[in-house]
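Read the structure below first, then the notes.
Values quoted throughout were computed directly from the atomic coordinates according to the rules given, and no laboratory measurement underlies them. These numbers were taken from a predicted model, which means no experiment stands behind them. Ideal geometry is used to build each Cβ from the backbone, glycine not excepted, and the neighbour counts take in all protein chains shown.
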Amino acid sequence: MWPDNSLPRRHAATTVTTVRRLWRLARWLVKTPWPVYAMAMLSANVVGALLVFLCMKILIPDSPITTPSAFTPASAALFFSYLVVALIVGGIGGIMLVLPVLRWQRDSIEDTLKVRRRAMRVPLYHAILHMCMWAGGVLLLTLINVTTLGGGVLSIAVAGGLGAVTTSALGYLQAERILRPLAAEALSYGVMEQTNAPGVSSRIMLAWAVSTGIPVVGITLTVGGLKLGVLPSDATRVLDVVLIVSLITLVVGVFAFYLVGSAIGDPIAQLREAQRRVQAGDLTAAVEVYDGSDIGLLQAGFNDLTRGLEERQRLRDLFGRYVGEDVARRALERGTELGGAERHVAVLFVDLVGSTRLAATVGAEVVVVLLNEFFREIVDAVGHHGGFVNKFQGDAALAVFGAPLEHPDPAGGALAAARELRERLDIVVGEGEFGIGVSAGTAIAGHVGAAARFEFTVIGDPVNEAARLTELAKNEPCAVLASATAVASASADEARRWAPGESVLLRGRRAETRLSRPRPARDAAHSTA
């Protein structure tokens, strides 16, 4: 039989695959904050250990803490065994703590909500882990030296405990700053509740404890131990410790308050910059949410506020497109309600000729383009003369002058808009392809409909008369007709631009209407002169 070499080959392939995965993971990790975070945690522990060593060196020069040769073989083996175990347990614990977060961050394969909450709590969990490792080491050192140092063992316990608290607190403040991108990614789904992140007051108190509270407690215990004869030292050594602790306090205090200041000041500066952009009109301004405490709620609240402002602006813009910018502004300022009142208004009605036939002979896209050009010219001309396009009706438009906005000369504005429209529409839709009618008089203007859906409208004889004049104007060479009443109501300058004509009985009316037509430009100029 031939030997089976498939098993070694499978093992080799598995090893190669594992190495490749580890290599890809390492390349990905280099581009993330995790290497900097790991170095910050390591440096915090190293600095804490050095500070404790320095204080013990001055207070108890011959202690096993500062003189390793003073260890007994058994105590040395026990202590260094604990260091190895602590490094292994701390390393494995730290890896297990962040492994689900790494998988979520890279591959998004974990329970999102659960892992996002863990991502927000990584600094806190690591601070607790470091505190436990330090507590175990300080307790072990205290037990080892309790028989050899007597009262001096108190200095080991106190210094070690203060060092543990200081290291854990500084590590936490550093971790929060370094892991902001991770927190921002976790909070991009929304600010979560119960993230256990300390708020502004808690962070200030934490910085105070590291920079002031813990050093003062240490100095107090050192001086008190000297007075009570508990510490095997003299006044000179205690003064040296006080001096060193004071210098350390200055350095650590600056660093701690820098961290807590940036944790509070950076979001405020970010919000101030976003606020400046909003004040400048940029309603898309948003801030990055990277804090799980009340600061994060403030960041998220600002983003919700700007989204609300942007949505309100879009609604206002949409509202303005439907009813006109001036009318929309008036409605937002004064409010609206159902009901109406009699107003002296002028009405301008415009209608296309043969639009139904046009829709049957050309494509819908061509008709839509033509109607958009047609209505655009109407909106521009009416708005130029202070009117309000009340509604579009198929291929027709109704404009009102004098309601809902006040107008100093409603009839004059409507007549001037009609003359301008004739020139505009001759170019856009062609001569004789439209009709324009203008009337003026008393009408009921107001909001009609239901409480949940209503619109502004004008009801009365001027509206009906303008519609009938438009039908008649489609057969006129000038394509524009106005009632003599409208011309008589206009300013003298505008009235001179219109020539009175015959009287006709319009469809659906009992009394005759005297017609007026725009004078030719040359005659109008001569009449004005």
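A few points about this structure:
- Summarising the label geometry, the points placed 7 Å from Cα in the beta-carbon direction at Asp380 and Trp208 lie 6.8 nm from one another.
- Amide H partners (placed H, <5 Å) of Asn390, local residues excluded: Leu398, Ala399, Val400
- Extension gain (nm, one decimal) between Arg20 and Asn372, 0.36 nm per residue minus Cα-Cα: 120.5 nm
- Relative to the current alpha-carbon distance between Glu310 and Leu139, full extension at 0.36 nm per residue lengthens the span by 55.6 nm.
- Taking amide H as placed 1.01 Å from N in the peptide plane, the amide H of Glu476 sits under 5 Å from none that are at least 5 places away or on another chain.
- The stretch between Ile219 and Ala38, if pulled fully straight at 0.36 nm per residue, gains 62.0 nm over its current Cα-Cα span.
- All other residues whose Cβ lies under 13 angstrom from that of Leu415 are scored, Lys and Arg at +1 and Asp and Glu at -1, for a net of +2.
- In order through the range 493-503: 3J(HN,Hα) via Karplus (6.51 cos²θ - 1.76 cosθ + 1.60), integer Hz, x for Gly, Pro: 5, 6, 5, 5, 8, 10, 9, x, x, 7, 9
- Take the Cβ atoms of Val200 and Leu239, set R0 to 35 Å, and the FRET efficiency comes out at 0.40.
- Coupling constants for the range 413-422 follow from the phi torsions by the Karplus curve (6.51 cos²θ - 1.76 cosθ + 1.60, θ = phi - 60°), and in residue order they are x, 5, 5, 5, 5, 5, 5, 5, 5, 4 Hz; glycine and proline get x.
- Proximity of backbone amide H atoms, modeled 1.01 Å from N, is registered between Arg519 and Trp498, Ala499 at under 5 Å, excluding neighbours fewer than 5 places apart on the same chain.
- What the Cβ-Cβ distance of Ala450 and Leu99 gives, at R0 = 51 Å and to the nearest 0.05, is a FRET efficiency of 0.25.
- Whole-Hz ³J(HN,Hα) from phi, Karplus 6.51 cos²θ - 1.76 cosθ + 1.60, for the range 92-106, glycine and proline x: 5, x, x, 5, 4, 5, 9, 4, x, 5, 4, 5, 5, 5, 8
- FRET efficiency for the pair Thr284 and Lys31, taken as 1/(1 + (r/R0)^6) with r the Cβ-Cβ distance and R0 = 41 Å, rounds to 0.90.
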